[in-house]
C-alpha cells in the first residue's frame, strides 16, 4: 500500500459519511471490502490469489457414493478453553446440522471434536501433536478452527495443513468472494491458500489515558505524526520518584515488534509467505529499523543500553508491569486499566500491520476435501460476522452499524472510527499474526539493537538468514497416539 493516502489526513474527529468512506477506500484499493460496502462488480475477472499448484491429496473418501448411502459426517476440531471458541462452535454446528445456516442443500452433518491442551504443553504444541496423532491413527479431522495462539506460520511450515487452492479454483459458486483480500493473503504459503480466514487484527497504538492527563499531554489525534509521537514520548518519559532513574517510559515494546509499523511506512516489509521473498535486509526495512532504534538511542523515549533485558524493554520496572505510556499491539474490543486505542502515528507512507487472528483450515490427509471445503467457507462466513474483527467484506458494515444480530460488534464511536481508520490503512504481513517467527525476530533484532550490541545492517542480515531457515518446509511433529474415535 506504499504511497497511498491515509485516512488520518482528514480533519481530526470528524466522522466520515458513507460516500466519503467509499471514496477513500476506492483510492486505497480496498478490494472486496470496497465492493461490498460501496457497490460494484461482485468478482474481479481473475483471482491471482488462487494461483498455485494443486495439492497432492488422496481422493475424497466418499467419491462415487450413491445418493442412497448414508449422509457424510465431517469432524470439526476446536481447542478446548481457547478464546470462547468452543461454545460458539457448538452453537454453529447445531445451527448447521438443522439447516439454519447458509450452505448446500444436501449438506454433510458436522460432529464437533474437542482438542485438549496436553499437560505441560503449550496451546500450539497440543494442537499440532493432536493433528499429527489423528493423522497417524488414520482418522484425521476434516477441518479445524485455528487461533493465532496456535501459530499459523508453524502449521504452514510443518505441513500440518492441506492446501485449499485446488478447491477454490474449481469452486463455481466463488464462495471466497465473500472474504476480504488482505485476510486471504494472510492465509497463504508457497503460492497456496492454506486456510479460510474468520477474523483479522490490525496493529494500533495503545496509550494510558491517565498518564497522558498527569503529564499534561494531549491524547493522540487521528492526524498525529511520528514527530508528534516522539514529542509526546519525551514528555511521558519520567523519573517519577526522583531517584534519577527512569521508571516511566514514553514508549515500550509489547507482543508485536515495535519496528514493524515503521518498516511498512518506509515502503518495506519483513517477508511474504506467499512468494517466499524475504525483505528484512532491504534498505526500506533498514530505514524503519533505524527509526525504531533511534526512539531509544537518540530520543530516549524507550529503554536503551547494555543493561536492557526483556523485562525493561517491555516496561517492567521493579516488578511492576507496563510502566509505559504507549505501546503497539493488535486491536481488541476491550481495554482495561485506562488504556485507549489510537491510530499508528503517520509516516512517509501508510502501513498499518494486519495479522490473521482466526481461520478454518483442513488438516493434512483429511479425506473429504471438496465437501469439507464447502462447509468450511460457509461456516467461516457465519462465524466471521460476530468475531472481532471480521474477515468478511460485509463485516465492516456490521461494525459501522451493527444490527440486532451483531450486537457483539457494537463499539463506542471513538473506538469504531479508530478501527475503521486502521483497517483502511492496513497491510497484511505475517509478522503481525504473532507466533514463533515473531519471537525469533524480536530476539534477533529488538533486544540486540536496544542493547547497542549490533548494527542495524547486521541485525537485518541475521534476521534474513533466520527467516529463510524458518520458511524451509519441515516434518510434522512426532505424533502422540490418539484413539480411533473421540467421545
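Bear in mind that the values in this text are calculations on the coordinates, not laboratory data. These numbers come from a predicted model, not from an experiment. Because the Cβ atoms are built from the backbone with ideal geometry, glycine has one as well, and the counts that use them run over all protein chains shown.
Remark: the Cα gyration tensor places the range 122-171 in the oblate category, a/c being 1.5 or greater and a/b not exceeding b/c. Using the empirical formula 2.2 N^0.38 Å as the baseline, the Cα radius of gyration of the range 160-285 reaches a ratio of 1.51.
Here the label points at residue 370 and residue 221, each 7 Å from Cα along the C-beta direction, are separated by 5.9 nm in the simple model. For the peptides 124-131, 139-146, residues were scored by their other Cβ atoms within 10 Å and the scores averaged per peptide; the highest-first order is 139-146, 124-131.
Under the simplified labelling scheme, the residue 275-residue 474 pair shows an inter-label distance of 2.6 nm, with each label point 7 Å from Cα along Cα→Cβ. For the range 273-378, the fraction of C-alpha pairs more than 16 angstrom apart is 77%.
Cβ crowding within 10 Å, taken as a proxy for footprinting-reagent exposure, orders 277, 121, 172 from fewest neighbours to most as 172, 277, 121. Take every Cα pair under 8 Å whose residues are at least 6 apart in sequence, average their separation, divide by the length of the range 86-134, and the relative contact order is 28 percent. In plain terms, the chain from residue 309 to residue 106 could stretch by 67.3 nm, reckoned as 0.36 nm per residue minus the Cα-Cα distance. For the range 137-192 and the range 263-310, what is the separation of their Cα centres, given in Å? Centre-to-centre (Cα) distance: 29 Å.
Extension gain, residue 71 to residue 332: 0.36 nm times the residue separation minus the Cα-Cα distance gives 89.9 nm.
Fewest-first ordering of 179, 291 by other beta carbons within 10 Å of each residue's beta carbon gives 291, 179. The gain in end-to-end length when the residue 443 to residue 414 segment is fully stretched comes to 6.9 nm, 0.36 nm per residue minus the alpha carbon separation.
With just the Cα atoms defining each centre, how far is the range 80-130 from the range 347-399? Give it in Å. Here the answer is 15 Å between Cα centres.
Quick one: if you stick a label point 7 Å off each Cα along the C-beta vector at residue 453 and residue 228, how many nm between them? In this crude spin-label approximation the distance works out to 3.7 nm.
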